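Notes follow the structure.
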Amino acid sequence: MNTQFLESLENLLKQRFDERPAGSYTTKLFESGPQKILQKVGEEAIEYILDAQIAASNALHGDGKISDSESQNADKQRAIYEGADLLYHFLVSLVAQGWSLGDIIAELERRHQTGK
């Protein structure tokens, strides 16, 4: 797993937030404001959940074992695609509010250390 990519993406989003290049989808999101961005995060979360549920239910045989057919792989790929959209829009929401992925990671580390 390459977490450096997420850091690079976050840095690019911060740059887009500051520079607002014309024609950029990210610029359009930032200019729509935090509430619209959060609405988009919610929409993407719902799309991910629905596709992940389909993938999960279609992946199981009646005996509870996971199958690996071509259609189930397509279901998985749709869920992954929506997961990427969700993560992207989540990062946009963090940048728009002046927060960072580091803030989220620090909270996860804190929870891990305290056993929450």
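The values are calculated or read from the model by the stated rules, or taken from the named source; none is laboratory data. Fair warning: this is a prediction, and the values are worked out from it, not measured in the lab. Cβ placement follows ideal geometry from the backbone for every residue including glycine, while neighbour counts extend to all protein chains displayed.
For the range 14-56, a tally of residues being modelled with pLDDT under 95 and buried (at least 17 other Cβ atoms within 10 Å of the Cβ) returns 1. Counting only residues that are among the polar types (S, T, N, Q), part of a helix (DSSP H, G or I) and surrounded by 11 or more Cβ atoms within 10 Å (Cβ to Cβ), the range 79-116 holds 1 of them.
For the range 57-77, does any single residue satisfy the condition of being in a helix (DSSP H, G or I) and at pLDDT 95 or above? Yes: the range 57-77 contains one or more residues that are in a helix (DSSP H, G or I) and at pLDDT 95 or above. Based on what the data block shows, is ASP18 assigned to a helix (DSSP H, G or I) and without any contact (Cβ under 8 Å) to a residue 24 or more places away in the chain? Judged against the criteria, ASP18 is a match.
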